[in-house]
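*Asks:* I'd like to ask some things about the structure below.
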Amino acid sequence: MISEETFNRISQKHGMYSSWAVWAPPTCKPKTGIGDLTIFQQKTIGNLLQPQVIMVGLNLSRFYPNEAFRNFHDPSAMAQDYKIRHAFKDTDYYGAYMTDIIKGVVEVDSKNIPKHLKANPNVLEQSLKIFRDELRDLGTASPLVLAFGRIAYQIIKDNLLPAEYGRLIRLTHYSHQISKEIYREKVLAEISEGLGCV
């Protein structure tokens, strides 16, 4: 749960690359409703949000200017964001804060990111600075960080101090060509193992 003041601050400062793990429910097909941002206009939205859990992707695959919280709510038919909704619905992780570790780089193929960072080290430095600013603005001490994919996980592990988060767990990326049902099973098992619950 967060205050309206915190919600608005996050929206204004970080909304172009962040979001929250809440979605409108699907209506008929699995991808329906995934791009519906009206859920963030509900007056009680703050009650659903959990800033003590942070889901972190690598970078934006598409940029939607002037649409706060569009990230991870991609209306494109090609997007796989619906798998995240299915994976975390009715779990303790629904409502988590969502962001990317690399800011300002729009790239569909994540394999190109390490090369880009090597050629532009200032991008990583600036991205980490913004990420730390997000943590401060959320006001959460020792959050659980769930990193989507190997590259995002490694960047966080290599560049953040363990004192800056509570626990870091690597998750299978939602772009993998598996069903939403299998994806849910995989990531919940990965979290359980990462928390030492297995």
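*Asks:* Could you put H173, H86, H73, H116 in order, starting from the residue whose Cβ has the fewest other Cβ atoms within 10 Å? Intermediate results must be reported in sequence, preceding the final value.
*Replies:* On the way: H173 20, H86 17, H73 27, H116 14.
Fewest-to-most Cβ neighbours within 10 Å comes out as H116, H86, H173, H73.
*Asks:* Moving on. What would the Debye equation give as log₁₀ I(q)/I(0) for the stretch 81-198 at q = 0.09, 0.16, 0.20, 0.24 Å⁻¹, counting only Cα atoms as equal point scatterers?
*Replies:* -0.26, -0.84, -1.26, -1.54
*Asks:* Here's a follow-up. Under a point-charge model restricted to the Cβ atoms of Lys and Arg (+1) and Asp and Glu (-1), what is the dipole moment magnitude of the stretch 106-154 relative to its Cα centre, in debye to the nearest 20? Each step should come with its number before you reach the end.
*Replies:* Values: 7 positive and 6 negative charges, 46 e Å.
Result for the stretch 106-154 is approximately 220 debye, rounded to the nearest 20.
*Asks:* In nm, give the distance between the simple-model label positions of E107 and T38, each being 7 Å from the Cα along the Cα-to-Cβ direction.
*Replies:* 3.8
*Asks:* To continue, here is another question. Could you tell me which of S179, L168, I54 has its Cα farthest along the dipole of the chain towards the positive end, charges placed at Cβ (Lys, Arg +1; Asp, Glu -1), taken about the Cα centre?
*Replies:* Checked the options; the winner is S179.
*Asks:* Under a plain spin-label model, where a point goes 7 Å from the Cα along Cα-to-Cβ, how far apart in nm are H176 and E67?
*Replies:* Modelled inter-label distance: 2.8 nm.
*Asks:* Set the bar at 18 Å for Cα to Cα. Now go through K31/K180; K89/K186; K83/K129 and name every pair that lies beyond it.
*Replies:* Checking Cα-Cα distances, K83/K129 exceed 18 Å.
*Asks:* Average projected area of the Cα convex hull of the chain, in nm²? Walk me through the numbers before you get to the answer.
*Replies:* Values: hull surface 42.6 nm².
So the mean shadow area of the Cα hull is 10.6 nm².
*Asks:* How high is the relative contact order of the stretch 4-192, in percent, with contacts defined as C-alpha pairs under 8 Å that are six or more residues apart? Before the final figure, lay out the partial values.
*Replies:* On the way: 311 pairs, mean separation 49.9, N = 189.
It rounds to 26 percent for the stretch 4-192.
*Asks:* When only alpha-carbon atoms count, how far does the stretch 1-107 stretch along each of its three principal axes, as whole angstroms with the largest first?
*Replies:* 34, 33, 22
*Asks:* Same structure again: For the stretch 59-104, compute Rg over Rh where Rg is the Cα radius of gyration and Rh is the Kirkwood radius from the inverse mean 1/r over Cα pairs. All intermediate terms of the calculation are to be shown ahead of the outcome.
*Replies:* Values: Rg = 11.5 Å, Rh = 11.9 Å.
Radius of gyration over Kirkwood radius for the stretch 59-104 works out to 0.96.
*Asks:* Amide H of M55: which non-local residues (sequence gap of 5 or more, or other chain) have their own amide H closer than 5 Å, using H built in the peptide plane?
*Replies:* Y97, M98, T99, L146
*Asks:* In addition: Starting from the 7 Å offset along Cα-to-Cβ, what nm value, one decimal, do you get for the label separation of I45 and R150?
*Replies:* The two pseudo-label positions are separated by 3.6 nm.
*Asks:* Within the set of other residues whose C-beta is less than 14 Å from the C-beta of A24, count the net charge using Lys and Arg as +1 and Asp and Glu as -1.
*Replies:* Values: positive: K29, K31, R70, R85, K89; negative: D36, D74, D81.
Residues close to A24 contribute a combined charge of +2.
*Asks:* Can you sort R70, R170 from fewest to most other Cβ atoms within 10 Å of each residue's own Cβ? Kindly include the intermediate steps, with their values, before the conclusion.
*Replies:* Details: R70 21, R170 18.
Arranged by neighbour count, lowest to highest, R70, R170 become R170, R70.
*Asks:* If you place +1 on the Cβ of every Lys and Arg, -1 on the Cβ of every Asp and Glu, and leave all else neutral, what size is the dipole of the stretch 4-192 about its Cα centre, to the nearest 20 Debye? Each step should come with its number before you reach the end.
*Replies:* Working: 24 positive and 20 negative charges, 75 e Å.
It works out to roughly 360 debye.
*Asks:* With point charges of +1 on the Cβ of Lys and Arg and -1 on the Cβ of Asp and Glu, referenced to the Cα centre of the stretch 57-135, which listed residue (L135, Q80, V106) lies farthest in the positive direction of the dipole?
*Replies:* Highest projection toward the positive end goes to V106.
Any read-out appearing in this document is the output of simple, stated calculations on the displayed coordinates, not a laboratory observation. Note that the structure is predicted; figures quoted are calculated from it, not measured. So basically every Cβ, Gly included, is an ideal-geometry build from the backbone, and we count neighbours across all protein chains shown.
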